[in-house]
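Report on the following structure.
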Amino acid sequence: LCGDLKMQMPFPFSLLCLQVIKCKAAVLWEANKPFSIEDVEVAPPKEHEVRVKIVATGICRSDDHVITGALVMPFPIILGHEAAGVVESVGQGVTAVKPGDKVIPLFVPQCGECQNCLNTKSNLCSKTDLGTSGGLMADGTTRFTCKGKAIHHFLGTSTFTEYTVLHESAVAKIDSAAPLEKVCLIGCGFSTGYGAALQTAKVEPGSTCAVFGLGGVGLSVIMGCKVAGASRIIAVDINSDKFAKAKELGATDCINPKDFNKPIHEVLTEMTSGGVDYSFEVIGRTDTMAAALACCQYNYGVSVIVGVPPAAQKITFDPMLLFSGRSWKGSVFGGWKSKDAVPKLVADYMKKKFVLDPLITHTLPFTKINEGFDLLRTGK
């Protein structure tokens, strides 16, 4: 049949042979329920789309926020946004990648054409699904079907599946020698934390930093602060079991708020004789966001929100905290322009400019994804 079509059709023959792929995916049918490993159908990529075989995916607190309802998305949905894989096929018009290329999906795409992509100060492409809760591809449809039902995409990536479809602006081609089970972390956690220190805050040599939250992203912030030359890096977490890893990666001090009978911002202010130069909230709680701001030096301190804010919650704070000179910033994907930065970060990893192994605590088969989330929630 394909041979006959090749003789008859004036457009590229290869596009006609793309098939629906049947594979396994972790489907979340509703909030606050476990993932269900299902057989799903993954449609071929349309124009300017890429279908990718996912080789390795990390789990992130942002995925868990959807499960708990803290991040509102439509159901049913295939979550996952931190991954690496191999291009299986491409749609018409795709020129950036070809089948066989190793790639990292980008939950913050880079179209290169919108106002944000063209602005040197911005990295949040207007084509991102972050904050829109759409759960669909650009044409308003989905590429996933399960039991006859359409399944939503997550952040334009959906990596908790053996195959996924992405817009070509949401994939970055990387070094063919890169170990995908390691560099998948560059798809979110590592880049987000590392960039928050280097790109967003622009930590300076000799400065003092406080990092609230010692998950994978918080540890990556510590790595960024160390590379930037910070002289003191104070790690803050209510789980003291995380302190050894934090010190291994560059923390000079580790403190547990539970060990004090006063607010943690007061403890940090006293420790640093007036407040830290830079603070980072890497948890996603409004109370710690306010504390991170308050622990900054009152006139020139910079506080960066890295953790995803919970939906429908507000922060109340004394405006004098900002009037006196502090700066409050947000950071999505570490401020990196994704398609430009990800291949360079992978290259830096290959040159041993930073490590990723300490960020990986467990490696599980895909079918044990629910056990992985249990480990995440228990701080392990």
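The values are calculated or read from the model by the stated rules, or taken from the named source; none is laboratory data. Predicted, not measured: the structure shown is a model, and the values here were computed from it. A quick note on method: Cβ atoms are made from the backbone with ideal geometry, for glycine too, and the neighbour counts reach across all protein chains shown. Surface accessibility is based on the protein's heavy atoms, side chains included, excluding ligands, DNA and RNA. Shrake-Rupley method; radii C 1.70, N 1.55, O 1.52, S 1.80 Å.
Does the stretch 202-330 come out rounded, prolate or oblate by the C-alpha gyration tensor, with a ≥ b ≥ c the root eigenvalues, rounded set by a/c under 1.5 and, if not, prolate when a/b is larger than b/c and oblate if not? Show your work: numbers first, answer last.
Values: a/c = 1.40, a/b = 1.19, b/c = 1.17.
The shape class here is rounded.
Taking 16 Å as the cut-off, the amide N atoms of the stretch 68-83 that come nearer than this to a point 7 Å along the Cα-to-beta-carbon line of residue 149 belong to 73-79.
Taking every lysine pair in the stretch 202-330 that is 8 or more places apart or spans two chains, those with Cα atoms closer than 23 Å amount to 12.
Here the label points at residue 360 and residue 231, each 7 Å from Cα along the C-beta direction, are separated by 3.7 nm in the simple model. Return the whole-Å distance between the Cα centroid of the stretch 163-234 and the Cα centroid of the stretch 301-327. Each part's Cα centre sits 22 Å from the other's.
Treating r as the C-beta distance of residue 202 and residue 33 and R0 as 30 Å, the FRET efficiency rounds to 0.10.
Heavy-atom accessible surface of the stretch 202-330, averaged per residue, reaches 46 Å², computed with a 1.4 Å probe.
Within the chain, what whole-number % of the accessible surface is contributed by carbon and sulfur, with the 1.4 Å probe and all protein chains included in the calculation?
On the way: 9320 of 17150 Å².
Ligands and nucleic acids excluded, carbon and sulfur give 54 percent.
When both the stretch 266-298 and the stretch 48-89 are represented by their alpha-carbon centers, they are found 32 Å apart. Computed FRET efficiency, Cβ-Cβ of residue 175 and residue 320, R0 41 Å: what is it to the nearest 0.05? It comes to 0.25.
Here the Karplus relation 6.51 cos²θ - 1.76 cosθ + 1.60, evaluated at θ = phi - 60°, turns the backbone of the stretch 197-212 into coupling constants of 6, 7, 9, 7, 6, 6, 4, 9, x, x, 7, 10, 10, 10, 10, 8 Hz, with x for every Gly and Pro. Modelled spin labels at residue 141 and residue 118, positioned 7 Å past Cα toward Cβ, are 3.1 nm from each other.
Residue by residue, the stretch 87-99 carries 3J(HN,Hα) couplings of 5, 8, 7, 10, x, 4, x, 6, 10, 6, 9, 9, x Hz when phi is fed to the Karplus relation 6.51 cos²θ - 1.76 cosθ + 1.60 (θ = phi - 60°); x denotes Gly or Pro. If you run the Gaussian network model on the chain, springs between alpha carbon atoms under 10 Å, then out of 217, 94, 183 the most flexible one is 94.
Only lysines eight or more places from residue 147 in sequence, or on another chain, were considered; those with a Cα closer than 28 Å are 22, 24, 33, 46, 53, 368. Backbone phi angles across the stretch 297-306, fed through the Karplus curve with coefficients 6.51, -1.76 and 1.60 (θ = phi - 60°), yield HN-Hα couplings of 4, 5, 9, 9, x, 10, 10, 10, 8, 10 Hz in residue order; Gly and Pro are listed as x. Taking amide H as placed 1.01 Å from N in the peptide plane, residue 83 has its amide H under 5 Å from the amide H of 58, 187, each at least 5 places away in sequence or on another chain. For residue 352, the aspartates and glutamates whose Cα falls under 19 Å of its own Cα, not counting residues fewer than eight places away in the same chain, are 175, 181, 248.
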